[in-house]
Amino acid sequence: MRTAKSAIIISTILIAMSCKEQNSEQAPTNEIQAIFPLGQKGSAEYFTGNAYNYGLVPADSTFTTLVGNVYFEPGARSNWHTHPGGQILIITDGVGYYQEEGKSKQIMRKGDVVKCPPEVKHWHGASPDKGLQQMYIVPNTEKGIVNWMEPVTDETYNM
Ligand code: MN
């Protein structure tokens, strides 16, 4: 009788444990899916918060195009900057913002494609609650790649 009771208790504990294990294997709803390796942390000189860059295609004289991926942690964003030859952003996961100077902030989500015109001052980054996986294409690199400017203030970011 005592053995049977113990067996029931032990099997109940085992079932409870296996349920718990299954639950922890489920992806959290706010998890960001990465396609590429994380890469290197961006300099605090050019980014607020943690942003990681992974280069995919280096620019050369044949292609004059730079391609890479940036993962922005929630709240992270670039400084204001311009691209002399423009830039194209392709969002592969998460939620973020793109803002051109003098315009309102625009939300970017998975599947969005944004064109930043040459020499237009702008910034991009993650939303406060969800990170952003952003591929970037910088064409016309013979004109230059990026001109970094001042950080985006919390006031502007939260506007
Ligand atoms: Mn840019």
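Bear in mind these aren't lab numbers, they're just calculated from the coordinates by the rules spelled out. Note that this is a predicted model, so its numbers are computed, not measured. When we count neighbours, we look across all protein chains shown, and the Cβ atoms used for this are built from the backbone with ideal geometry, even at glycine.
The lone criterion from (1) under 13 Å from the mean Cα position of the chain (by Cα); (2) more than 14 Å from the ligand (Cβ to nearest atom); (3) not in a loop (DSSP other than H, G, I, E, B) left unmet by THR156 is number (1).
This table checks each residue for (1) surrounded by fewer than 17 Cβ atoms within 10 Å (Cβ to Cβ); (2) polar (S, T, N, Q).
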{"residue": "SER61", "(1), (2)": "yes, yes"}
{"residue": "ASN69", "(1), (2)": "no, yes"}
{"residue": "PHE72", "(1), (2)": "no, no"}
{"residue": "ALA76", "(1), (2)": "no, no"}
{"residue": "TRP80", "(1), (2)": "no, no"}
{"residue": "GLY85", "(1), (2)": "no, no"}
{"residue": "ILE91", "(1), (2)": "no, no"}
{"residue": "VAL95", "(1), (2)": "no, no"}
{"residue": "TYR98", "(1), (2)": "no, no"}
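Filtering segment 91-119 to residues that are in contact with a Gly (Cβ under 8 Å, 6 or more places away or on another chain) and either part of a loop (DSSP other than H, G, I, E, B) or within 14 Å of the ligand (Cβ to nearest atom) (or both) leaves ILE91, GLY96, TYR97, MET108, LYS110, LYS115, CYS116, PRO117, PRO118.
When residues in segment 53-78 are screened for being under 19 Å from LYS130 (Cα atoms) and within 16 Å of the ligand (Cβ to nearest atom), 8 of them pass.
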